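Heads up: the structure comes next, in structure tokens.
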Ligand SMILES: Cc1cc2nc3c(=O)[nH]c(=O)nc-3n(C[C@H](O)[C@H](O)[C@H](O)COP(=O)(O)O)c2cc1C
């Protein structure tokens, strides 16, 4: 968490590069780095990390444990340990925006709970997804359900392999613009 007010944005971001360097010096296996979405220039940071050539993939994003307050007891409590299925749109946006311009794989993490969100991440250009909360909530049998549902969707859409549709949505530059621009104005102006 970049909460230290004495540190600049550059100092916070430099930490990632230091960690990569140290891990790289000590490991010969491929490195996957999971990052936070807290950055004042996230696109640039993600691209620079991918350009180091030292990470095989970047995982977008870590989901920080967020304390809550109990207003009856005024205590700080443990809450929201698990993500909800609608949290996937944050990594989806950034994967859609960057999958074509980074030089490493992107892996989606946070809010991926079912086949639909896995498929969306792949359409946006993710090479892999990570699922945590969903398996805590639904049990490990859920893996089969997700895989089966992905296959059903692929069959219904005549895709034989994941590479047949990986990044398909972001190939269209108009779609890319939709992930950049805030669409609230458009949404409200569509009401009669
Ligand atoms: C019970 C539990 C324990 C976790 N422990 C860690 C941890 O030790 N380190 C870490 O970086 N993330 C940890 N996470 C965060 C997950 O790796 C993941 O980033 C987060 O749950 C978002 O993914 P999800 O939406 O698939 O759950 C934990 C998550 C859960 C639910």
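Laboratory data are not the source of any read-out in this text; all were calculated from the coordinates shown. On a predicted model such as this, the values are computed, not experimentally measured, just so you know.
Listing for the model above:
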{"quantity": "Cα gyration tensor category, rounded, prolate or oblate, for the range 51-96 with a/c compared to 1.5", "calculated": "prolate"}
{"quantity": "Cα gyration tensor shape of the chain, rounded if a/c is under 1.5, else prolate or oblate by comparing a/b with b/c", "calculated": "rounded"}
{"quantity": "Gaussian network model of the chain, springs between alpha carbon atoms under 10 Å - residue of 112, 78, 102 with greatest fluctuation", "calculated": "78"}
{"quantity": "Structure-based [θ]222 nm, the chain - -39500 (n - 2.57) summed over DSSP H runs of at least 4, per residue, nearest 500", "calculated": "-13000 deg cm²/dmol"}
